[in-house]
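Notes for the one structure printed next.
The values are calculated or read from the model by the stated rules, or taken from the named source; none is laboratory data. Keep in mind the model is a prediction, meaning the values are calculated, not measured. As a convention, Cβ positions derive from the backbone with ideal geometry for all residues, glycine included, and neighbour counts pool all protein chains shown. Just so you know, the surface numbers come from the protein's heavy atoms only, side chains and all, with ligands and any DNA or RNA stripped out. Shrake-Rupley method; radii C 1.70, N 1.55, O 1.52, S 1.80 Å.
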Amino acid sequence: MESRFNGHKANLRAYLRKRGAEIDVKNKTVKVDMEALNKKEQEKLKELERWGYKVNEQQTYFSTHSPLWNYEILETEDNSFIAFADEIMAMYY
């Protein structure tokens, strides 16, 4: 029974992808222009929302509190890619 529902969700995703939606199955998010969809397509999108997908929600992939990304941008004249690269190189040498 569960495979039937998974097939139905896969069909909904394929239908919306053909209409320009960007669907991330892992995070269960959908990015789509709501104004470009007609009534039938919007109903299918609402059905996908009932399956747990979030529509047009911003995803932050890198947290500001992440230990890997703790570099702060300083408001100086040295705010360039070269200055940033020099700082990174200084960390390794």
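Scan the stretch 10-46 residue by residue and report those that are in a helix (DSSP H, G or I) and surrounded by 15 or more Cβ atoms within 10 Å (Cβ to Cβ).
Pass one, the stretch 10-46, residues in a helix (DSSP H, G or I): 10-18, 34-36, 39-46.
Residues satisfying the conditions are 12, 13, 15, 16, 41, 44, 45.
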Where a residue in the stretch 18-39 is within 13 Å of residue 51 (Cα to Cα) and its partner, wherever it lies, is open to solvent by 70 Å² or more (accessible area, probe 1.4 Å) and modelled with pLDDT under 85, with Cβ under 7 Å and at least six apart: 29/57
